[in-house]
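Below: the structure, in structure tokens.
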């Protein structure tokens, strides 16, 4: 299924039904009086999260959505049939903006939410409603209220427990395939992954949702390589897994580049808990990869403020982060041969368990 994370649609609630002008006419009752029924309310348009959806593709080809209009009133004091509501099913993490895409109207972050986007028009009154002692045969009725309609923009920000970030061709998709049942496209060239991919890691009866974010490049926060669009998906992740290609000559420079993009993008994504993995260990001898791990560890200890929030003596001092969080751990893995993955799985599970307490 194609991943679509933005759509512009037009919604229109149902207009209310008109009131009826009618008089009772039966045998032996020639002047029975007014009996026109009321019109009914038009349908509302709601938006609701569906946990089984992960894309906005349903809104790619269908743009106009209308709720059912309210039925008109009828004789014999019969009220029109109420218009049915229309519920738009969207993935968790969908945001609703006005037609300009700049003003946030609502944010769908829980499956229990059912938010009204357009209210149906109220039904009009029939002539029976206007009967008085001085006006026994009113011919006045009310029309139903008009529908509400507007253009809105839907933007999806993936809600995942772990966001996998890194440069293109760092092995993120290979790790996602090894850890979950996901089947992302894998090839030996950069930008193989062009859209976020989701997978579920099962750990001790717990489901951990992993999101493989397409590779970031320099100036991604400015939109280069669609980076601004990809970085938006990291905002909802609870923890970051920073994947670095161990065959890279300068792993510290690679780490600094990605951290710089996170900081420049904003939204406090650079303050999220972070775990680092040196991937493709099968292509590097043990002495060289240990040297690179040590270089990165030394850099983090000397520049603590550049890794996952302000640090002092190896401890995060940010008021929003627990004091027992340490400097990001560095793991040496091979996603292709599945070496060193078990300790990494345990590390990924730990911050989530702590957040649940």
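General observations
- Flag: residue 186 matches the condition of being surrounded by 14 or more Cβ atoms within 10 Å (Cβ to Cβ) and either modelled with pLDDT under 75 or assigned to a loop (DSSP other than H, G, I, E, B) (or both).
- Only residues that are outside any loop (DSSP other than H, G, I, E, B) and either under 15 Å from residue 143 (Cα atoms) or out of contact with any helix residue (DSSP H, G or I) (no Cβ under 8 Å at 6 or more places or on another chain) (or both) were counted in segment 7-22, giving 4.
- Test result for residue 263, touching a helix residue (DSSP H, G or I) at 6+ places or on another chain (Cβ under 6 Å) and modelled with pLDDT of 85 or more: no
- Residues in segment 72-90 that are surrounded by fewer than 23 Cβ atoms within 10 Å (Cβ to Cβ) and not in a strand (DSSP E or B): 75, 76, 77, 79, 81, 82, 84, 85.
- Considering segment 266-297, the residues that are surrounded by fewer than 18 Cβ atoms within 10 Å (Cβ to Cβ) and assigned to a loop (DSSP other than H, G, I, E, B) include one that is modelled with the highest pLDDT, namely 285.
One line per residue, one yes/no per condition, for (1) over 29 Å from residue 130 (Cβ atoms); (2) within 44 Å of the chain's Cα centre (by Cα); (3) in the same structural domain as residue 114 (by TED's automatic domain parsing); (4) free of Cβ contacts under 8 Å to residues at least 60 places away in the same chain:
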site	(1), (2), (3), (4)
20	no, no, yes, no
27	no, no, yes, yes
43	no, yes, yes, no
51	yes, yes, yes, no
55	yes, yes, yes, no
59	yes, yes, yes, no
63	yes, yes, yes, yes
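The values are calculated or read from the model by the stated rules, or taken from the named source; none is laboratory data. All values reported here derive from a predicted model rather than from experimental measurement. Heads up, the Cβs are rebuilt from the backbone with ideal geometry, glycines too, and the neighbour counts pull from every protein chain shown.
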